Amino acid sequence: MKFRRFKTLLASVMIAGTAVSNFSTAFVYADYRVNGSVEYLDRGINAVNTGNGMMISWRFLANDADDSVFKLYRDNKLIYTSDVDNTTSYLDPSGNSFSKYRLETFSGGKAVSVDYCNMISNESYFDIPLDVPKGSGDYTYSPNDCSVGDVDGDQYEIFVKWDTSNSQDNSKSGVTGNVYIDCYTLEGKKLWRIDLGKNIRAGAHYTQFLVADFDLDGKAEMTCKTADGTVDGKGKVIGDASKDYRNSSGYILDGSEYYNIFRRCNRWGA
């Protein structure tokens, strides 16, 4: 690994807590150097208010040249030029959430690309709206486990598992509500919802899911355990929807279980 790429990787890991897109850079390089497969991510420019100015960060992509230089503009004014040893972020003490940021990438003294910051927040975080499922009876839903993956070849999407207020651990009896897994863009658009159905019990130890580019087409898939009555993102029922394997204590000890990989094809399905 060349020195610059190694240094960029280390810097990305160290500042991941304050510049989310730089953690993505680390992921891209780790994947690229091991097996040559990368996600088709865009530059991922984002800006958040730190209280001491706007922190702007972006990705150093796997196909960027080692001599790449970045020029950052605020409202058409050049405010930062990187050199070959600088990381892909800049704290702009004079910016605010109404500022318009543009990033130009150069290699060999020639312009390579122009990217615009479409993610900007007046807070130190991004508020992503979610579509909370409606419970029935005496239980409600709250967001639980999350993961990230790029499902359509531009930027990361967020996968959210919805757990019920009546979810149970293995050691406790009780019937639970259905578990849902959603996929959202960073702007809060819901791409799909998978209903795992009544034969998947709600609880911290029942549903684990993985998000990765399993077929190496540059776009992420989601995989998890399903059962009779699971409904995918296209509305297709998996197995036999008439089956109910819950016993009088709410446990599911019998019946068919499946393992599905869900991928994007217009809408999401198994």
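The values are calculated or read from the model by the stated rules, or taken from the named source; none is laboratory data. Please read these numbers as outputs of a predicted model, since none were measured by experiment. Note: ideal-geometry Cβ built from the backbone for every residue, glycine included; neighbour counts use all protein chains shown.
Can you tell me which of (1) of a type in the set (Asp, Glu); (2) modelled with pLDDT of 95 or more; (3) surrounded by fewer than 18 Cβ atoms within 10 Å (Cβ to Cβ) is the one ASP31 doesn't meet?
Only one criterion in (1) of a type in the set (Asp, Glu); (2) modelled with pLDDT of 95 or more; (3) surrounded by fewer than 18 Cβ atoms within 10 Å (Cβ to Cβ) is unmet by ASP31, namely (2).
Just to check your reading of the model, which residue among SER107, SER167, SER173, SER97 is free of Cβ contacts under 8 Å to residues at least 60 places away in the same chain, exposed (fewer than 14 other Cβ atoms within 10 Å of the Cβ) and either touching a Ser or Thr at 6+ places or on another chain (Cβ under 7 Å) or assigned by TED's automatic domain parsing to the domain that holds CYS224 (or both)? Spell out the reasoning first.
On the way: SER107 fails: exposed (fewer than 14 other Cβ atoms within 10 Å of the Cβ); SER167 fails: exposed (fewer than 14 other Cβ atoms within 10 Å of the Cβ); SER173 fails: free of Cβ contacts under 8 Å to residues at least 60 places away in the same chain.
Going through SER107, SER167, SER173, SER97 in turn, just one is free of Cβ contacts under 8 Å to residues at least 60 places away in the same chain, exposed (fewer than 14 other Cβ atoms within 10 Å of the Cβ) and either touching a Ser or Thr at 6+ places or on another chain (Cβ under 7 Å) or assigned by TED's automatic domain parsing to the domain that holds CYS224 (or both): SER97.
For VAL211, indicate whether it is over 15 Å from GLU157 (Cα atoms) and among the β-branched types (Val, Ile, Thr).
Criteria not met by VAL211.
Identify, by number, the condition in (1) in contact with an Asp or Glu (Cβ under 9 Å, 6 or more places away or on another chain); (2) surrounded by 13 or more Cβ atoms within 10 Å (Cβ to Cβ); (3) not assigned by TED's automatic domain parsing to the domain that holds TYR40 that SER147 doesn't meet.
(1)
Does THR81 fit the bill of being in the same structural domain as CYS117 (by TED's automatic domain parsing), surrounded by fewer than 17 Cβ atoms within 10 Å (Cβ to Cβ) and not hydrophobic (A, V, I, L, M, F, W, C)?
In short, yes.
Can you find a residue that is at positive phi, surrounded by 16 or more Cβ atoms within 10 Å (Cβ to Cβ), modelled with pLDDT of 95 or more and assigned by TED's automatic domain parsing to the domain that holds VAL151 anywhere in region 228-237?
Yes, region 228-237 contains a residue that is at positive phi, surrounded by 16 or more Cβ atoms within 10 Å (Cβ to Cβ), modelled with pLDDT of 95 or more and assigned by TED's automatic domain parsing to the domain that holds VAL151.
Any residue in region 125-139 that is outside the structural domain of SER249 (by TED's automatic domain parsing), of a type in the set (S, T, N, Q) and not in a strand (DSSP E or B)?
Looking through region 125-139, at least one residue is outside the structural domain of SER249 (by TED's automatic domain parsing), of a type in the set (S, T, N, Q) and not in a strand (DSSP E or B).
Got a number for residues in region 50-66 being in a strand (DSSP E or B) and under 21 Å from the mean Cα position of the chain (by Cα)?
3
Just the residues that are in a loop (DSSP other than H, G, I, E, B) and at pLDDT below 95, please, taken from region 98-123. Quick ask: steps written out before the conclusion?
From region 98-123, those in a loop (DSSP other than H, G, I, E, B) are 98-100, 108-109, 117-118, 122-123; that's our starting set.
Residues satisfying the conditions are GLY108, GLY109, ASN118.
Pull up region 82-124, narrow it to residues that are of a type in the set (Phe, Trp, Tyr) and touching a strand residue (DSSP E or B) at 6+ places or on another chain (Cβ under 7 Å), then point me to the one that is farthest from GLU187 (Cα to Cα).
Within region 82-124, the first condition is being of a type in the set (Phe, Trp, Tyr), and the residues that meet it are 90, 98, 101, 106, 116.
From the residues that got through so far, the ones that are touching a strand residue (DSSP E or B) at 6+ places or on another chain (Cβ under 7 Å) too are 90, 101, 106, 116.
On the way: TYR90: 23, TYR101: 18, PHE106: 29, TYR116: 16 Å.
This residue is PHE106.
Of all residues in region 238-264, which are closer than 23 Å to LYS190 by Cα, surrounded by 15 or more Cβ atoms within 10 Å (Cβ to Cβ) and either without any contact (Cβ under 8 Å) to a residue 40 or more places away in the chain or not charged (D, E, K, R) (or both)?
Of region 238-264, the ones closer than 23 Å to LYS190 by Cα are 238, 260-264.
Filter once more, so that each one left must be surrounded by 15 or more Cβ atoms within 10 Å (Cβ to Cβ): 238, 260, 262-264.
Those that are closer than 23 Å to LYS190 by Cα, surrounded by 15 or more Cβ atoms within 10 Å (Cβ to Cβ) and either without any contact (Cβ under 8 Å) to a residue 40 or more places away in the chain or not charged (D, E, K, R) (or both): ILE238, ASN260, PHE262.
Given the residues LEU186, LEU210, which is the only one that is assigned to a loop (DSSP other than H, G, I, E, B) and of a type outside the set (Phe, Trp, Tyr)?
LEU186
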